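Take a look at the structure below.
The values are calculated or read from the model by the stated rules, or taken from the named source; none is laboratory data. On a predicted model such as this, the values are computed, not experimentally measured, just so you know. Here the Cβ positions follow ideal geometry from the backbone for every residue, glycine too, while neighbour counts run over all protein chains shown. All accessible areas refer to the heavy atoms of the entire protein, side chains included, with ligands and DNA or RNA removed. Shrake-Rupley method; radii C 1.70, N 1.55, O 1.52, S 1.80 Å.
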Amino acid sequence: MSSHSGRFIVLEGPDRSGKSTQAALLVKALRGRGFPVVHTREPGGTGFAEAVRQVVLDPAHKVKPLAELLLYEAARAQHTEERLRPALADGAIVVCERYTLATLAYQGAGRGLPVALVKKLNRIATGGLRADATIVLDVPDRVFHKRQTAPADRLEAAGRAFRDRVRGGYRRFAKSEPRTRVVDATLSVDQVHAAIWERVAKVLPRARR
Ligand SMILES: Nc1ncnc2c1ncn2[C@@H]1O[C@H](COP(=O)(O)OP(=O)(O)OP(=O)(O)O)[C@@H](O)[C@H]1O
Ligand SMILES: [Mg+2]
């Protein structure tokens with residue numbers, strides 16, 4: 001399946017689609033079955049990458065699309081090498097909120113940067129690491145307003161047209177990316193969890209499945 005002995009699971013989707021909620025449930029289910037689990041997120045997951053996250057999401061800054069893309073990829077390069085690869089080599093199930101598909105959706109479809117450029121930088125930053133399963137939590141824009149959270153970060157504040165392009169990007173790129181499934185995330189928390197589990201169970205190591 002992959003060169004590493006662990007499994008790399010990525011949860012994707014627009015802002016407030018339920019990634020953190022579902023990641024917590026998935027981690028709990030995996031730990032309950034005895035798997036060693038690492039729960040992480042992008043941008044972030046290491047001290048340096050979390051510092052980049054703060055800068056890149058800070059609404060006080062006006063950031064050019066290319067600078068934004070490079071910051072996400074810098075954080076990804078650090079996270080991939082410092083945290084993801086070692087955990088996977090150790091045999092952990094890594095549950096990561098956002099990875100390369102988010103960059104295609106936000107910086108490609110959302111910001112309008114060339115998709116070929118985003119794909120190239122994704123390849124460079126990941127060094128070729130790919131998820132064993134990517135699950136896209138799909139929600140229409142009304143969910144963004146219904147599920148209010150903390151004060152909006154810089155990308156959440158980007159407006160309706162941007163969010164629509166991001167959602168469209170997720171749905172479109174999900175079709176061409178390998179091992180990627182779209183889940184209807186307007187359903188209840190438990191129903192979404194069940195759909196995610198069905199997909200994840202198929203890629204778990206056999207011993208404990
Ligand atoms: N299936 C669901 N139905 C209704 N509300 C939900 C559902 N899933 C999550 N929520 C609620 O929606 C809000 C956003 O969820 P969550 O923080 O998990 O999303 P997220 O994708 O991680 O958001 P962000 O992109 O901002 O990190 C929370 O208040 C959460 O409790
Ligand atoms: Mg979240």
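Would you say A24 is open to solvent by 10 Å² or more (accessible area, probe 1.4 Å), more than 16 Å from ligand 1 (Cβ to nearest atom), in a helix (DSSP H, G or I) and out of contact with any Gly (no Cβ under 8 Å at 6 or more places or on another chain)? Considered against the rule, which asks whether it is open to solvent by 10 Å² or more (accessible area, probe 1.4 Å), more than 16 Å from ligand 1 (Cβ to nearest atom), in a helix (DSSP H, G or I) and out of contact with any Gly (no Cβ under 8 Å at 6 or more places or on another chain), A24 comes out as no.
Output yes when any residue across the range 33-49 is within 16 Å of ligand 1 (Cβ to nearest atom) and over 13 Å from the mean Cα position of the chain (by Cα), and no when none is. There is at least one residue in the range 33-49 that is within 16 Å of ligand 1 (Cβ to nearest atom) and over 13 Å from the mean Cα position of the chain (by Cα). Annotation: of all residues in the range 27-64 being among the acidic types (D, E) and either part of a strand (DSSP E or B) or within 16 Å of ligand 2 (Cβ to nearest atom) (or both), the one that is farthest from R181 (Cα to Cα) is E50. Every condition in (1) over 19 Å from V56 (Cα atoms); (2) assigned to a loop (DSSP other than H, G, I, E, B); (3) modelled with pLDDT under 95 is met by D153 except one, and the failing one is (1).
Quick check on the range 5-17. Is at least one of its residues outside any strand (DSSP E or B), more than 10 Å from ligand 1 (Cβ to nearest atom) and open to solvent by 10 Å² or more (accessible area, probe 1.4 Å)? Yes, the conditions are met somewhere in the range 5-17. Looking only at residues of the range 116-147 that are more than 30 Å from S5 (Cβ to Cβ) and touching a residue at least 40 places away in the same chain (Cβ under 8 Å), we find that the one that is surrounded by the most Cβ atoms within 10 Å (Cβ to Cβ) is V139. V115 meets the stated requirement of being β-branched (V, I, T) and more than 16 Å from ligand 1 (Cβ to nearest atom). Scanning the range 74-111 for residues that are open to solvent by 10 Å² or more (accessible area, probe 1.4 Å), of a type in the set (D, E, K, R) and more than 16 Å from ligand 1 (Cβ to nearest atom) yields a count of 6.
Scanning the range 152-164 for residues that are of a type outside the set (A, V, I, L, M, F, W, C) and in contact (Cβ under 8 Å) with a residue 60 or more places away in the chain turns up D153, R154, E156, R163.
Where residues in the range 159-182 are open to solvent by less than 40 Å² (accessible area, probe 1.4 Å) and among the aliphatic types (A, V, I, L, M), which of them is farthest from ligand 2 (Cβ to nearest atom)? Here the residue is A174. Which is modelled with pLDDT of 95 or more and either within 15 Å of ligand 1 (Cβ to nearest atom) or part of a helix (DSSP H, G or I) (or both), of V203, V143, V183? Criteria check complete, one pass: V183. Looking at G91, G108, G128, G112, just one residue is away from ligand 2 (no atom under 16 Å from the Cβ) and within 27 Å of A29 (Cβ to Cβ), and that residue is G91.
Out of R172, R130, one residue alone is farther than 23 Å from D58 by Cα and part of a loop (DSSP other than H, G, I, E, B). It is R130.
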